[in-house]
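Read through the structure below, which is laid out as structure tokens, and then see the notes.
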Amino acid sequence: MFNTAIVIGGSVAGKFAAKALSTSFKEVIIIEAGERWDGKSSRKRVPQSNHPHVLLKGGENAIEELFPNITNELIEAGSIINNFTRDLKWHQFGLWKQPFIGEVHMIQQSRPLLEWHIQK
């Protein structure tokens, strides 16, 4: 096992990198330019922080591998499970798309909710 890893940037990607490195290093340090974040509000330096965030299946599986049970924790904390082929309407190039009824379930939540569960 190595001693120390340094991750520059404490965004979602930085937190994922730190978690992945934690199995090979005794200590992982994240260097973040922004102020400490309380986990309850939007982060000032993240412009998309107020947008809804959806985890596509591949991302959900990857996050679950790094943070076991995070999907259940997100759902318990208020994430919404959507069948994206049935529950959402798509408008593209001036036309409403025909729905395709399938079983594509994904979870949707705010960026602060997602990031807080990754950070804690």
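Laid out as a table, the results:
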read-out: Complete set of residues in the range 21-65 that are aliphatic (A, V, I, L, M), touching a helix residue (DSSP H, G or I) at 6+ places or on another chain (Cβ under 8 Å) and farther than 30 Å from residue 87 by Cα; value: 28, 30
read-out: Condition broken by residue 103, with the remaining ones in (1) more than 18 Å from residue 11 (Cβ to Cβ); (2) surrounded by 11 or more Cβ atoms within 10 Å (Cβ to Cβ); (3) of a type outside the set (Gly, Ala, Ser) satisfied; value: (2)
read-out: Among the candidates 2, 25, 67, residue that is among the aromatic types (Phe, Trp, Tyr), outside the structural domain of residue 113 (by TED's automatic domain parsing) and surrounded by 14 or more Cβ atoms within 10 Å (Cβ to Cβ); value: 25
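The values are calculated or read from the model by the stated rules, or taken from the named source; none is laboratory data. Remember, predicted model here, so these are calculated numbers, not experimental data. All Cβ positions, glycine included, derive from the backbone under ideal geometry; neighbour counts span all protein chains shown.
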